[in-house]
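A quick write-up on the structure given underneath.
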Amino acid sequence: MRVSWRQALWYLTFHTVYGLVKYLPMLSGDVLRWLVLKLFLRRIDGWVWFRDNVTIWFPEGVSIGSGSMVGENCFLDGYGGLTIGRNVLIAHNTSLIAEDHGFATRRIPIRYQPKTAAPIVVEDDVWIGCGVRVLKGVRIGTGAIVAAGAVVTRDVPPYAIVGGVPAKVLGMRPDDSTQHPAELAQAALSRQSA
């Protein structure tokens with residue numbers, strides 16, 4: 001990938017400015033990170049929590065919806081495109097990697113072979129547990145839950161609960177859309193007291 005002087009200056013500016021706020025403690029750091037990233041990411045809709053030490057490569061390829069939270073020590077890769085919906089929870093130490101090294105031939109070192117890339121899409125209301133790896137070309141459906149430590153290599157259906165290496169569907173979130181909110185609250189309280 002050839003980089004023009006203009007692009008190099010843009011990346012240098014991003015990494016310098018973001019580097020000044022990347023490790024600041026919560027609250028003030030969260031606000032300053034949001035302000036800086038609002039300038040450099042492809043799109044941020046509304047307020048998004050970016051906790052300390054979130055690393056972002058190719059920020060011009062990253063879009064994120066309002067109400068979302070990216071936990072400590074996460075890695076976001078926008079090289080192939082990364083779209084994160086609204087109200088998404090991404091727990092600490094998670095990586096979303098939208099590229100991979102090419103290895104089509106043994107005659108050229110892997111380091112010098114072209115990268116392969118494909119977009120990652122995380123739809124609305126998804127919870128990604130700590131230490132998860134989401135690889136290029138994956139779509140995680142609305143309302144899905146990805147268990148801690150999973151490696152997601154394939155699409156995740158809406159409202160599925162997935163886990164493991166590689167991630168597999170373990171179950172589905174219950175469809176409680178026909179129940180009254182008071183009934184849901186009472187059932188939750190009953191489970192907690194049991």
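The values are calculated or read from the model by the stated rules, or taken from the named source; none is laboratory data. If you're wondering where the values come from, they're calculated on a predicted model, not measured in any experiment. Please note: Cβ atoms are built from the backbone with ideal geometry, for glycine as well, and neighbour counts cover all protein chains shown. We work out accessible area using only protein heavy atoms, side chains counted, and drop any ligands, DNA or RNA first. Shrake-Rupley method; radii C 1.70, N 1.55, O 1.52, S 1.80 Å.
Observations on the structure shown:
- Ratio of Rg to Rh over the chain (Cα coordinates, Kirkwood Rh, two decimals): 1.04
- Derived scalar couplings ³J(HN,Hα) [region 31-37; Karplus, 6.51 cos²θ - 1.76 cosθ + 1.60; whole Hz; x for Gly, Pro]: 5, 5, 4, 4, 4, 5, 5
- Between the helical axis of 181-193 and the longest alpha-carbon principal axis of the chain there is an angle of about 90 degrees.
- With a 1.4 Å probe rolled over the protein heavy atoms of all chains, the accessible area of 60, 123 falls in the order 60, 123, largest first.
- Toward the positive end of the charge dipole of the chain, with +1 on the Cβ of Lys and Arg and -1 on the Cβ of Asp and Glu, the farthest Cα among 46, 74, 157 is that of 74.
- Taking θ as phi - 60° and the Karplus parameters 6.51, -1.76 and 1.60, the scalar couplings of region 127-135 work out to 10, 10, x, 5, x, 7, 10, 10, 9 Hz in sequence order, x denoting glycine and proline.
- Dipole magnitude for the chain: computed about the Cα centre from +1 point charges on Lys and Arg Cβ and -1 point charges on Asp and Glu Cβ, it is near 920 debye.
- Sequentially through region 41-53, phi angles give Karplus couplings (6.51, -1.76, 1.60; θ = phi - 60°) of 6, 4, 7, 10, 9, x, 7, 9, 7, 10, 6, 5, 6 Hz, Gly and Pro residues having no value and appearing as x.
- Cα-based convex hull, region 1-72, per residue volume (Å³, whole number): 79
- Restricted to Cα atoms, region 58-120 shows a radius of gyration and a Dmax of 14.3, 47 angstrom.
- Per-residue ellipticity at 222 nm, computed for the chain from helices alone with -39500 (n - 2.57) per DSSP H run of at least four residues, works out to -7000 deg cm²/dmol.
- Under 14 Å from the Cα of residue 115 - aspartates and glutamates, other chains or at least 8 residues apart: 77, 99, 100
- Peptide packing for 153-159, 3-9, 19-25, 80-86 was compared via the average number of neighbouring C-beta atoms within 10 Å per residue; ordered from the highest value, the list is 80-86, 153-159, 19-25, 3-9.
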